[in-house]
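Structure first, then comments.
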There are 2 protein chains.
Amino acid sequence: MNKTIENPKAPFVPNYLLYLLAAASEAASARFHSHVRTRGLRVPEWRVMACLTDTDGSMVTELARYAMIEQSRLTKIIIQMDARGLVSRRSDPKDGRRVRVFLTPQGRTLADELVADARAHELELLKSFQGGDGTEIKDTLRALIRHLESDQPDQADGTASLAGNAEIADS
Amino acid sequence: MNKTIENPKAPFVPNYLLYLLAAASEAASARFHSHVRTRGLRVPEWRVMACLTDTDGSMVTELARYAMIEQSRLTKIIIQMDARGLVSRRSDPKDGRRVRVFLTPQGRTLADELVADARAHELELLKSFQGGDGTEIKDTLRALIRHLESDQPDQADGTASLAGNAEIADS
DNA sequence: CCAAGAAACATGAATTTTCATATAAATCTT
DNA sequence: AAGATTTATATGAAAATTCATGTTTCTTGG
């Protein structure tokens, strides 16, 4: 049932890099994302929380880039998270246009738990996948991201990844 | 020693495999996706078209798995594409529950063009990235996908990737 | 200092997506 | 062969997302 016998030649989709990247991302994330939902968060909310554990107090625009979420969408997500007590929004005293986003104590507790879960999940995955710590695949992905961002500077969706920001290699 | 304050050490997000996969996918796709929109398609529609170039006449459920789109959402997308004349839907004579989806002549013309564009874009990307044909990164991604799908059979979103289906390695 | 422009967020309307469930057609059971 | 189950797709209401644009607050040149 799985074999595509109709097509005698190489199929396009399963060999297409952009498909493989998307499929790998989805497949790798599926389990953890459903864990996240179990904890009462949607995926974009989890992304915001995770980013804030790295850069608590970022402004909305920064956070949008980090979390790969379009700005106006992020604003709405943050407002909801604020209402739920997960984050708080304070305008920057130095620049009234900016809104800085902080984890509340409750938000931090949840974020820390989930980050711990994410790390554990990642470890398991990497161990079961190739037995290593993932240095190789991660380096490849980072190189790809860096390549794409340098060589092709403008992003259609106005987001940009953070991967160039890793200050210290994964241990 | 001092771990109470903001973590100046390795940030979590930029070293997290699931982030790197998502970011790489987004970064690699951004340009081509905006080309797709230029041609009047949204990304999910492009995915449907691309899948149909491989497996014209699939039923909705199959297509949903191939294109990584949830079934009820795909149904709606297909209805729109039908209305636009890109695909046609015919119920399977052998099994009246099934709806088979075919590219119309117009749809095929557009699909073929875009697949050609996608191949060209992929070639350029791979050439500029590591000079090769992408065998290495593709093999890694396929291995990861296969690993995830075997080891962790149930997908939260009811989708599954196609990557195991490649009968012929990329040329 | 003022006007013009830019930057940072917010907002609203149109559209999409999600989730649960309805409908319909096969298949299985006994 | 009737009823029960399963499979395939559709549907509706609620919610999220998108896109263009509005508002407010800096910044800068004159």
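Residue count for region A:49-85 satisfying the condition of being within 11 Å of DNA strand D (Cβ to nearest atom) and within 14 Å of chain B (Cβ to nearest Cβ): 4.
When you scan region A:48-64, do you find a residue that is open to solvent by less than 20 Å² (accessible area, probe 1.4 Å) and over 15 Å from the mean Cα position of the chain (by Cα), even just one? Scanning region A:48-64 turns up at least one residue that is open to solvent by less than 20 Å² (accessible area, probe 1.4 Å) and over 15 Å from the mean Cα position of the chain (by Cα).
Per this entry, residue A:87 is counted among residues that are in contact with a Gly (Cβ under 8 Å, 6 or more places away or on another chain), open to solvent by less than 40 Å² (accessible area, probe 1.4 Å) and farther than 30 Å from residue B:133 by Cβ.
Cβ-Cβ contacts under 6 Å between residues 6 or more apart (or on different chains), taken from a first residue in region A:110-124 that is over 17 Å from residue A:134 (Cα atoms) to a second residue that is at pLDDT 95 or above and surrounded by 14 or more Cβ atoms within 10 Å (Cβ to Cβ), are listed as A:111/A:49; A:111/A:53; A:111/A:103; A:115/A:53; A:115/B:12.
Where in region B:1-98 are there helices (runs of 4 or more DSSP H), lying fully within it, with 2 or more residues that are among the charged types (D, E, K, R) and either in contact with a helix residue (DSSP H, G or I) (Cβ under 8 Å, 6 or more places away or on another chain) or within 15 Å of DNA strand C (Cβ to nearest atom) (or both)?
B:17-38, B:43-54, B:71-83
The selection criterion, being out of contact with any strand residue (DSSP E or B) (no Cβ under 7 Å at 6 or more places or on another chain), open to solvent by less than 40 Å² (accessible area, probe 1.4 Å) and within 20 Å of residue A:106 (Cβ to Cβ), holds for residue A:67.
Taking the criterion of being open to solvent by less than 30 Å² (accessible area, probe 1.4 Å), among the small types (Gly, Ala, Ser) and closer than 28 Å to residue B:61 by Cα, the residues of region B:107-142 that qualify are B:107, B:111, B:118. Within region A:125-137, the set of residues being free of Cβ contacts under 8 Å to residues at least 60 places away in the same chain and part of a helix (DSSP H, G or I) comprises A:126, A:127, A:128, A:129, A:130, A:135, A:136, A:137.
Residues checked against (1) modelled with pLDDT under 90; (2) within 7 Å of another protein chain (Cβ to nearest Cβ):
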position	(1), (2)
A:127	no, no
A:130	yes, no
A:136	no, no
A:143	no, no
A:146	no, no
A:153	yes, no
A:158	yes, no
A:165	yes, yes
A:169	yes, no
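Every test in (1) away from DNA strand D (no atom under 16 Å from the Cβ); (2) within 11 Å of chain B (Cβ to nearest Cβ); (3) open to solvent by less than 40 Å² (accessible area, probe 1.4 Å); (4) not small (Gly, Ala, Ser) is passed by residue A:104 save one, and that test is (2). Return the residues of region B:31-47 that are surrounded by fewer than 21 Cβ atoms within 10 Å (Cβ to Cβ) and without any contact (Cβ under 8 Å) to a residue 40 or more places away in the chain; say none if nothing qualifies. Scanning region B:31-47 gives B:33, B:34, B:37, B:38, B:40, B:42, B:43, B:44.
The values are calculated or read from the model by the stated rules, or taken from the named source; none is laboratory data. Treat the numbers as computed from the prediction; the structure is a model and nothing was measured. Glycine also receives a Cβ, built like all others from the backbone with ideal geometry; neighbour counts cover every protein chain displayed. To get the accessible areas, we keep the full protein, side chains included, count just its heavy atoms, and leave off ligands, DNA and RNA. Shrake-Rupley method; radii C 1.70, N 1.55, O 1.52, S 1.80 Å.
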